[in-house]
Amino acid sequence: METKLQQADGPAVALAAELLKGGGIVAIPTETVYGIAASALDGAAVKKIFEAKGRPQDNPLIVHIDRLEMLEGLVGCVPERAKKLAEAFWPGPLTMILPRGPRVAAEVCAGLDTVAVRMPSHPVARAVITACGLPLAAPSANLSGSPSPTTAHYVMEDMRGRLPLILDGGECQVGVESTVVSLAGPQAMLLRPGYITQEQLQEVLREKVLLSGAILEKLKEGETARSPGMKYKHYAPKAEVTIVKGGFQAYCRYVQQHAEPGTFCLCFAGESGALPVPSVEYGAAQNGADQAKHLFTALRQLDERGAKRVFARCPAATGVALAVYNRLLRAAAFRVVEA
Ligand code: TXA
Ligand code: MG
């Protein structure tokens, strides 16, 4: 199959809408990362997403909408908490897990009785949903297991020959996937950290939002994941990544002592010059949003440059940086050392 890459102008959006209405799949930009979209009402179309990504069938997808009325039939009910969060954060990088409704294709939910929904803010994502009039199931547009793509170029790298059309909407502004919060249980629970933080959710809900254990810890053998995506090694570059905790001086010493041929550093902005091996920077030390925006590109650059082993600077585990730490932990397969 030939894969076309087109600037996301009016005609390209119209072409995407035609493909989607016909049961096809299309890669589209969102404010978080690029996604592979299909009609969430069409099980056969959704299956094509799983095939294109090589994604395990038991990992459910997020349904993207452009207005609240689209929730009708997609979700079983809209709890009070969901109304408050939608009011505060939609359109934007927040996904809510709600009881599933009758219209959504079974393939989207991977057998669960809940469904993930989000209203993106990216103008191209919104234009495509509006043009086809369909709720769109869309996971990140990477091959399963590799870092989520934040540019159309990286989508092409993973998806060439696997889907007919990629809409190019430039670089994604957030850079990590949406915050996922479950509102299906008695208490709100953060399943995946993102740009919208636990603190922000708590402020709006005026109650405690629990943190899923899977955010910072590897699932134990036999344990079931609340968010199935958390159980897979994710976001991983080809290089072996180790997170090095401690201040910059201690980090430099650690790198000096452990560097071998093929070792690279994944460090904060402005630190490269002081390091004894080649390095890739991923945002300012004290700025979680900046780190989020650059992390996945940095991981892909390490592969492009042939890194064999990577020592990564450790982000904070609070605010937006919690999302960065969560993704980096998976890229590192939970290898963390104290310098
Ligand atoms: O920012 C994003 O959310 C991007 C863009 C394209 O919108 N999409 C994205 O999709 O990251 P994906 O498929 O890569 O991640 C969806 C996550 C997975 O961890 C999945 O397990 C979880 O959401 N999820 C989906 N439906 C769920 C459900 N019903 N219950 C619990 N977790 C669910
Ligand atoms: Mg993904």
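For Ile196, are the conditions met, namely being touching a Gly at 6+ places or on another chain (Cβ under 8 Å) and either assigned by TED's automatic domain parsing to the domain that holds Pro11 or buried (at least 19 other Cβ atoms within 10 Å of the Cβ) (or both)? Even if it seems obvious, please write down each step before you answer.
Details: touching a Gly at 6+ places or on another chain (Cβ under 8 Å): yes; either assigned by TED's automatic domain parsing to the domain that holds Pro11 or buried (at least 19 other Cβ atoms within 10 Å of the Cβ) (or both): yes.
Against the criterion (touching a Gly at 6+ places or on another chain (Cβ under 8 Å) and either assigned by TED's automatic domain parsing to the domain that holds Pro11 or buried (at least 19 other Cβ atoms within 10 Å of the Cβ) (or both)), Ile196 qualifies.
Here is a check on your reading of the model: is Glu2 without any contact (Cβ under 8 Å) to a residue 24 or more places away in the chain and over 21 Å from the mean Cα position of the chain (by Cα)? Write out each step before concluding.
Numbers: without any contact (Cβ under 8 Å) to a residue 24 or more places away in the chain: no; over 21 Å from the mean Cα position of the chain (by Cα): yes.
Answer is no for this residue.
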- Task: Starting from the stretch 104-119, take each residue that is closer than 15 Å to Ala44 by Cα and assigned by TED's automatic domain parsing to the domain that holds Leu183 and list its partners that are within 8 Å of ligand 1 (Cβ to nearest atom) and β-branched (Val, Ile, Thr), counting only C-beta distances under 6 angstrom and pairs at least six apart or across chains.
- Result: Val104/Val115; Cys109/Val115
- Message: What are the pairs with Cβ atoms under 9 angstrom where one residue, in the stretch 129-152, is on the phi > 0 side of the Ramachandran plot and the other, located anywhere, is part of a loop (DSSP other than H, G, I, E, B) and near ligand 1 (Cβ under 9 Å from one of its atoms)? Sequence gap at least six, or different chains.
- Response: Gly145/Tyr232; Gly145/His234
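Confirm whether Arg55 is in a loop (DSSP other than H, G, I, E, B), within 30 Å of Glu304 (Cα to Cα) and touching a residue at least 60 places away in the same chain (Cβ under 8 Å).
Details: in a loop (DSSP other than H, G, I, E, B): yes; within 30 Å of Glu304 (Cα to Cα): yes; touching a residue at least 60 places away in the same chain (Cβ under 8 Å): yes.
Yes: the conditions hold for Arg55.
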- Message: Tell me whether the stretch 140-154 contains one or more residues that are small (Gly, Ala, Ser) and away from ligand 2 (no atom under 16 Å from the Cβ).
- Response: yes
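Being assigned to a helix (DSSP H, G or I), out of contact with any strand residue (DSSP E or B) (no Cβ under 6 Å at 6 or more places or on another chain) and buried (at least 19 other Cβ atoms within 10 Å of the Cβ) narrows it down to one of Glu87, Glu107, so name that one.
Details: Glu87 fails: buried (at least 19 other Cβ atoms within 10 Å of the Cβ).
The match here is Glu107.
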- Do we find that Pro164 is without any contact (Cβ under 8 Å) to a residue 40 or more places away in the chain, more than 16 Å from ligand 2 (Cβ to nearest atom) and surrounded by fewer than 23 Cβ atoms within 10 Å (Cβ to Cβ) in this structure? no
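Hey, among Leu98, Leu61, Leu94, Leu15, which residue is assigned by TED's automatic domain parsing to the domain that holds Arg192, of a type outside the set (Val, Ile, Thr) and within 15 Å of ligand 2 (Cβ to nearest atom)? Please lay out each step first, then the result.
On the way: Leu98 fails: within 15 Å of ligand 2 (Cβ to nearest atom); Leu94 fails: within 15 Å of ligand 2 (Cβ to nearest atom); Leu15 fails: within 15 Å of ligand 2 (Cβ to nearest atom).
Matching residue, one of Leu98, Leu61, Leu94, Leu15: Leu61.
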- Note on the structure: If we keep only residues of the stretch 168-203 that are over 13 Å from Leu94 (Cα atoms) and in a helix (DSSP H, G or I), then the residue farthest from the chain's Cα centre (by Cα) is Glu203
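The values are calculated or read from the model by the stated rules, or taken from the named source; none is laboratory data. Just so it is clear, the structure is predicted and the values come from calculations on it, not from any experiment. Positions of Cβ are backbone-derived with ideal geometry, glycine not excepted, and every protein chain shown enters the neighbour counts.
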